[in-house]
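As structure tokens, the structure follows; a few thoughts come after it.
Only the coordinates and a few stated rules stand behind these numbers; no lab work does. This is a predicted model, so every value here is computed, not measured. Positions of Cβ are backbone-derived with ideal geometry, glycine not excepted, and every protein chain shown enters the neighbour counts.
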Ligand SMILES: CC(C)(COP(=O)(O)OP(=O)(O)OC[C@H]1O[C@@H](n2cnc3c(N)ncnc32)[C@H](O)[C@@H]1OP(=O)(O)O)[C@@H](O)C(=O)NCCC(=O)NCCS
């Protein structure tokens, strides 16, 4: 497994994993535009044939803070460490930029992701009522960077 930056050719994979895993459908041009401000914050994990299997898209909208906007691994490649690889590299990049905090939002029903984030020292900051378009509540989670 290798980690690399986002490329426009990754959009079909990302759109399909976002639809399947996150139940969201975004305009394909969104990914390119989100990647321009902080290209290193958009990480893609790819197999030995350079086929993408997961990605993590982070942005920085608040000074010295990163926010994870999207994070997903293809179903067939979960629980073998791809998410850990992506998150570990992302946190390193945040530290390299001098960020002191990372935030994210997660559905309250997404126990798998909440457990994953807890293992990475994120904790719940806030309950976001009806945060998702289908009315589900979210948690805002965050961790400090030492
Ligand atoms: C959350 C998500 C990105 C994690 O990705 P992943 O590649 O499965 O993550 P990992 O394989 O690194 O870790 C997952 C679990 O497998 C375990 N694991 C990792 N490598 C392992 C291995 N070689 N053998 C056995 N277990 C392993 C980890 O300990 C971890 O357990 P934990 O979460 O209970 O602590 C993935 O579940 C996903 O895409 N979910 C759907 C989208 C989603 O919910 N995204 C977050 C929205 S906020």
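Points worth noting:
- As a calculated quantity, the FRET efficiency between residue 51 and residue 112 at R0 = 35 Å, using C-beta atoms, amounts to about 0.90.
- Rounded Å value of the spacing that divides the Cα centres of the stretch 20-44 and the stretch 67-124: 15
- Normalised by residue number, the volume inside the convex hull of the Cα atoms of the chain is 109 Å³ per residue.
- Residues 115, 107 arranged by fewest to most Cβ contacts within 10 Å: 115, 107
- Three-way shape label, the stretch 1-51, alpha-carbon gyration tensor, a/c 1.5: oblate
- Once C-alpha pairs closer than 8 Å and six or more residues apart are averaged by separation and normalised to the residue number of the chain, the relative contact order reads 18 percent.
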